[in-house]
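Below is one structure, written out as C-alpha cells, with a few remarks after it.
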Amino acid sequence: MKNIYLVPLILTIFSLAVIAIALQLDTSPEMIVGDSMQARSFPIFLMILKLILIGILSFQFYKNNPKPIALEKYHTWGSMFLFLLFYLLTVYTDMFIGIFVVIFLMSILWGERRIWVAFLTATITPGLVFLLFDYVLKIRFPRGILMNLYYG
Amino acid sequence: MFEQAISAMASVVVDPYLLGLIFATTILGVIIGVLPGLGATTGAALLLPFTLTMDPVHAIAVLATIYVSATFAGSITAILINTPGTSAAAATTFDGYPLAQKGEAGRALGIAVISSTVGGIFSVLILCFAAPLLARVAYEFRSPEYFALTVFGLSMLASISAGGAVKNLIGGIFGVWLSTIGAERVTGIERFMFGNYELYEGLHFVPIFIGLFAISELLVQSKTVNKIVNTVSMKAVKLPTLEDYKKIWKTILRSCGIGTFIGVLPAEGATVASMIGYSEARRWSKNKKEFGKGSIEGIAGAEAANNAATGGAMVPTMVLGIPGSGTTAIILVGLMVHGLRPGVYLFTEQVEKVYQIFGSMFVANVMFMLMGLYAAKLFARVSLVPTQILWPIVFALSVIGAYAFQGQLLDVWLALIFGVIGFFARRHGFSVAPIAVGLILGEMVETNLQHSLKMFDGAWWMILTQPLALMFLVFAFLGLCGPMIFSWITKQKD
C-alpha cells in the first residue's frame with residue numbers, strides 16, 4: 001500500500017472507532033426523546049458522512065497520485081518532544097519550571113547559539129506573563145514547587 | 001435607533017480608556033501582522049484569555065482591532081520581504097514586492113495603506129447598515145431555518161482557500177463531531193468523555209483554538225528555522241499621487257464590494273477576498289501586462305478586498321452566530337464568553353454595545369492608517385525578530401492562555417494535543433479553520449435539528465417545506481455540487 005493512503009486509512013479507522021463507541025452509548029426512554037434523535041444518532045450520522053468523503057478523497061488520491069510528503073527536520077520532532085517534557089515537568093514539578101525549561105531548550109533547538117539570550121528569554125517571558133496574570137488578571141496558577149513557595 | 005447608533009459609535013471617541021486600548025491593540029495587531037506566521041487568527045487566539053477580565057465592549061474591541069490591524073499589516077512584509085505576514089496578504093506579494101524591488105517600496109506601501117483603510121472603513125459602514133437589516137430578517141428564523149443556515153455555513157467550508165473541498169469538509173465534520181463530546185443537551189447522556197467529568201460541559205473553544213491556530217503554527221514554523229530573508233530598503237512611505245488615485249479608485253471601489261460580499265459569506269474570509277480582488281483588478285485593468293511586475297492596481301485590488309472582508313465577516317458572526325472566517329470564529333467565542341449572545345437579541349437588547357464595537361472597528365481602521373503611513377518602516381524591522389526567540393515566547397503565551405481560561409490543566413493538555421493534531425492536519429493539506437468553524441456550528445446544527453424534528457413530529461422532510469430553510473439548503477447544495485455540475489455542463493458543451 002502506498003504511503004499516500006495512510007491518511008484515509010487513519011481517518012477510516014478513527015471514524016469506525018467513533019461509530020463503535022457511539023453504538024455503546026446509553027439510549028434514552030422514548031418519552032424523553034420523543035420524535036427527536038437518540039444521543040448516538042448524530043455522531044454516527046457524522047461519521048457515515050465522513051466515511052463517504054474519505055472514499056471520495058481516496059479516489060482523488062488514486063486519480064491524482066499526490067507526491068509523498070517529506071519528513072520534517074529534527075526541529076519539529078524535537079519541539080513535539082518538548083511538549084511531552086513540559087507535561088512531565090508540570091505534573092511532577094511546576095508549570096513555570098516546565099515553561100522555563102521548554103523555552104530555553106526550544107531556543108537552543110531552533111538555532112539560538114547565545115546561551116545567555118536563551119536563558120534571558122526563558123526567564124523574562126514566564127516572569128512577565130506570571131506578573132500580568134497574577135496581579136492584573138488575578139489568575140491562580142496550579143500548585144507546584146514554585147507556586148507552593150509563592151502562595152504559601 | 002439611528003440616533004442611538006450614532007451616539008454609541010461617537011462614545012468610542014470620547015472614551016479615553018477605550019481609545020488607549022484600541023491604540024495599544026493596533027500597535028500589537030500591526031506587530032502580529034508583520035511577524036510571518038503570527039496572523040490575525042493566531043493573534044486573536046493568543047489574546048482572547050487576556051480579555052477575560054475586561055468589559056465586554058472593550059474585550060471585543062480588542063479582538064476586532066487585532067483582526068483589522070493584523071490583516072492590514074500582513075502587507076508590510078509582503079511588500080518589503082516578499083513574505084506575507086498573513087495569508088490574506090499573499091496576493092499583495094504578486095505586485096508589492098516587484099514594485100519594491102524597483103525602488104518604489106514607499107509608494108507600494110502608501111497604496112496598500114490607503115486601499116486597506118478605504119476597504120476597512122467601507123466594510124464597517126456596510127456592517128452598520130446591513131447587520132440590523134439582516135437581524136430583522138433573522139427575527140423570523142426558527143429551528144428549521146437555523147438548522148438549514150448552519151448546514152449552509154458548513155457547506156461553505158468546501159470553498160475555503162487552503163486545502164481541497166473534500167479535505168475541508170472532512171475537517172468541518174471532525175469539528176462538528178468534537179462538539180458532541182460531553183453530556184448531550186436534551187437527554188444528558190455522556191458522549192465520548194471516557195469518565196473524564198471535566199468534559200461534561202463539552203470541549204471549550206478557547207484551548208482548542210489556541211492549539212489549532214497558535215501551537216500548530218509553532219510546529220509549522222519549526223520547519224522554517226534558519227530561513228534567510230531578503231529585505232528591500234525603503235526611505236519613507238509615500239502617499240499615492242493624484243495620478244495614482246486616478247488609476248486605482250475604480251479598483252479600490254470594486255474590491256471594497258467584492259471583499260465585503262465575500263466576507264459576509266459564512267466561512268469565507270480575507271484570503272479568498274484578496275485573491276478574487278486581485279484577479280478582478282487584473283481582469284478589468286487596461287494595463288494587464290503590468291500585473292506581476294509591480295502594478296499598483298494589483299496592490300490596491302488585493303489590499304482593499306482583504307480589509308473590506310473584515311467588516312463583512314462580522315455581519316454573519318454578530319447577526320447569525322455563524323463565523324465569517326477563522327478570526328471571527330474567535331471573536332464569536334469572545335462574544336459568548338462575555339455573555340453577548342450573537343443573534344437577533346444582540347441587536348434588540350444590546351444595540352449600544354453593538355455600535356460601540358462597530359465604532360471601535362472604525363477607529364481601528366483610522367489608527368492603522370496613521371501607523372502604516374508613519375511607522376511602517378519601524379514595524380517592518382519587527383519581522384526580523386529571530387524565530388528561535390519569537391516562537392518559544394508564543395509557546396509560553398499559549399499554555400498560560402489556555403490555562404487561564406478556566407484555571408484547569410486539562411485545557412493546557414488539550415491545547416497541546418490539538419496543536420499536534422492541527423500540525424499533522426496541515427502537513428497533509430487539511431486547513432484547521434474548518435475544524436474551528438465546525439466546532440462552533442456543531443451545537444447549533446444538532447440542537448436545531450432536534451428541535452425541528454420535535455416541531456414536525458419526526459418528519460424531517462417538513463424542513464424542506466419552510467421557504468427560507470429550503471433556500472439555504474438549495475444554496476448549500478449549490479455550494480457543494482455547483483462547481484462539479486457547472487464543469488460537467490461545460491465539458492458537455494465542449
Report task. Would you check if B:F475 is closer than 30 Å to B:L52 by Cβ, within 25 Å of the chain's Cα centre (by Cα) and of a type outside the set (A, V, I, L, M)? Result -> no
Query raised in the report: Residues that are under 19 Å from the mean Cα position of the chain (by Cα) and surrounded by 22 or more Cβ atoms within 10 Å (Cβ to Cβ): which helices (runs of 4 or more DSSP H) entirely in region B:306-396 hold 3 or more of them?
Result: B:326-337, B:351-382
Query - Of the criteria (1) of a type outside the set (D, E); (2) more than 15 Å from the chain's Cα centre (by Cα); (3) more than 7 Å from chain B (Cβ to nearest Cβ), which one A:W77 fails - result: (2)
Query raised in the report: Are any residues in region A:58-82 surrounded by fewer than 16 Cβ atoms within 10 Å (Cβ to Cβ) and of a type in the set (G, A, S), and if so, which ones?
Result: A:A70
Query raised in the report: Does region A:1-24 include one or more residues that are more than 7 Å from chain B (Cβ to nearest Cβ), modelled with pLDDT of 90 or more, farther than 23 Å from B:L439 by Cβ and assigned to a helix (DSSP H, G or I)?
Result: yes
Query raised in the report: Do we have A:F59 as assigned to a helix (DSSP H, G or I), among the aromatic types (F, W, Y) and within 30 Å of B:I170 (Cα to Cα) here?
Result: yes
Query raised in the report: Hey, among the residues in region A:34-63 that are at the interface with chain B (Cβ under 9 Å from one of its Cβ atoms) and within 16 Å of B:E190 (Cβ to Cβ), which one's farthest from the chain's Cα centre (by Cα)?
Result: A:Q38
Report task. For B:G401, indicate whether it is surrounded by fewer than 24 Cβ atoms within 10 Å (Cβ to Cβ), at pLDDT below 90 and of a type outside the set (K, R). Result -> no
Query raised in the report: Which one of these is within 21 Å of B:F395 (Cβ to Cβ) and more than 7 Å from every other protein chain (Cβ to nearest Cβ): A:F133, A:F83, A:F119?
Result: A:F119
Query raised in the report: In region B:179-217, how many residues are in a helix (DSSP H, G or I) and either more than 10 Å from chain A (Cβ to nearest Cβ) or open to solvent by 10 Å² or more (accessible area, probe 1.4 Å) (or both)?
Result: 15
**Report entry** Condition check for A:F96: under 21 Å from the mean Cα position of the chain (by Cα), modelled with pLDDT of 90 or more and facing chain B (nearest Cβ under 7 Å)
**Finding:** no
Report summary line: Subset of region A:35-54, residues closer than 17 Å to A:L11 by Cβ and open to solvent by less than 40 Å² (accessible area, probe 1.4 Å), comes to A:P43, A:I44, A:L46, A:M47, A:K50, A:L53, A:I54
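The values are calculated or read from the model by the stated rules, or taken from the named source; none is laboratory data. Small disclaimer: the values here were computed from a predicted structure and weren't measured. Backbone-built Cβ (ideal geometry, glycine too); neighbour counts: all protein chains shown. These accessible areas exclude ligands, DNA and RNA; they are computed on the full protein's heavy atoms, side chains included. Shrake-Rupley method; radii C 1.70, N 1.55, O 1.52, S 1.80 Å.
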